[in-house]
Amino acid sequence: PQRLSLSATGTAAFALLSETGETGSVASALRRRDIARLEAAGTVSRELGLGTSNDDDNDSLGSLGLLCTIPPDCVVFAYRAGTTNHNFNRKASDASSSRRRNWSKRLVNLARINMGNEYVSSDASLFGKAGIVNPRCFQDNIQWAGGPQIIMPLVYAASSAKSLALTLRLFRASTERHPPNLEAMQGGGGFQILAILIQGKKFVDQNILEQAFAFAVHGFVPQSMEDGAKSSSSVPSIVGLNNPPFTNWVFSDLDAMKQLLLNHQVWDLKNSGPGLPLRLVMLMNGLVGQKSVHKAFNSRRLHLVGIIRWTLHLMVEAAELYTAGEMASRRPRARARTNSSDSVIMNETG
């Protein structure tokens, strides 16, 4: 798939660079390739005015000089993928019914539209008996079917925490290191729609939170459903039973973090309690831990999404809920004291 979005390409590039085995962090790998400015790539960074272009809607690789353009005169062949199914309805008495007939297929060369290229190839022809299969990965199949938006109805129809977590896992599989699908989730508003759908669910738990966290952090592996059910009563440690060491966690997606994870309406303290926000804070602490290889890279990107303001807002909201709870617990005590004093006065007067 053609890569045009700067944000989506940056997300995929950060994940790729973290697995290449190069010495140093992702930030040092970007500096060695002279593309250090890619570190701030993201729809959120452009909205904050941190992009390299004055146009807030410009999300092209050309803003960093990374867009590869091929002149039409240099294209020799361009075949469009297709599917053909040959069904031969033959009678059982036909002697040739047990044998497969030869078939032929013509592939039109789209490059012939440009007649200025004298080296353009002619159309291709396929002839034979065996079937020809052009395998595609799951991400490409989702893209050609319409993009990650086709999975949105599954989120709406999810009736339990387990089914919703599995649906989010399916979303992650369709966008992992795939710029076209990432572009649909980032610039296309996919994460915003996903946040609205999750907000309407009343059964959000730790498994759903970790699946959402895996959208933004490459290298983080959510706990299994069984492990999450066992540890739902208490706040687990940063590294779960099935999690790899958090030293290689890379904050790869600004949009997923800002629009999904740092959305107070999704992880509401009034409905979910302090357990989920506290778990999220602990996970983000792993991004900037002392043993993290990419701690400087992760710290700068967390600053871009306003992590300090979000943390202060969370603390203020938690303090307000605590104060309201304390006031509500004191009211029955005050009423009990008032009733006891009134009964004493009545006894004395009697």
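The values are calculated or read from the model by the stated rules, or taken from the named source; none is laboratory data. All of these numbers come straight from a predicted model, not from anything done at the bench. Counting neighbours? That spans all protein chains shown, and the Cβs are built from the backbone with ideal geometry, glycine included. For accessibility, only protein heavy atoms count, side chains too; no ligands or nucleic acids. Shrake-Rupley method; radii C 1.70, N 1.55, O 1.52, S 1.80 Å.
If you filter segment 16-47 down to residues that are within 22 Å of the chain's Cα centre (by Cα) and in a loop (DSSP other than H, G, I, E, B), you find that the one that is modelled with the lowest pLDDT is G42.
Each row is one residue, and each column tells you yes or no for (1) small (G, A, S); (2) surrounded by fewer than 16 Cβ atoms within 10 Å (Cβ to Cβ); (3) assigned to a loop (DSSP other than H, G, I, E, B); (4) modelled with pLDDT of 90 or more.
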site	(1), (2), (3), (4)
Y119	no, yes, yes, no
S125	yes, yes, no, no
G131	yes, yes, yes, no
P135	no, yes, yes, no
N141	no, yes, no, no
K162	no, no, no, yes
G188	yes, no, yes, no
L194	no, no, no, yes
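Does any residue of segment 265-273 turn out to be among the charged types (D, E, K, R) and modelled with pLDDT under 90?
Keep residues of segment 265-273 that are among the charged types (D, E, K, R), which gives 268, 270.
Going one step further and asking which of them are modelled with pLDDT under 90, we end up with 268, 270.
So far as segment 265-273 goes, yes, one or more of its residues are among the charged types (D, E, K, R) and modelled with pLDDT under 90.
Against the criterion of being modelled with pLDDT of 90 or more, not charged (D, E, K, R) and not in a helix (DSSP H, G or I), F220 qualifies.
The number of residues in segment 48-71 being modelled with pLDDT of 65 or more, surrounded by 12 or more Cβ atoms within 10 Å (Cβ to Cβ) and not polar (S, T, N, Q) comes to 6. Selection of segment 12-42 for residues being closer than 13 Å to R301 by Cβ and open to solvent by less than 20 Å² (accessible area, probe 1.4 Å) yields F14, V26, A27, L30, L38, A41, G42.
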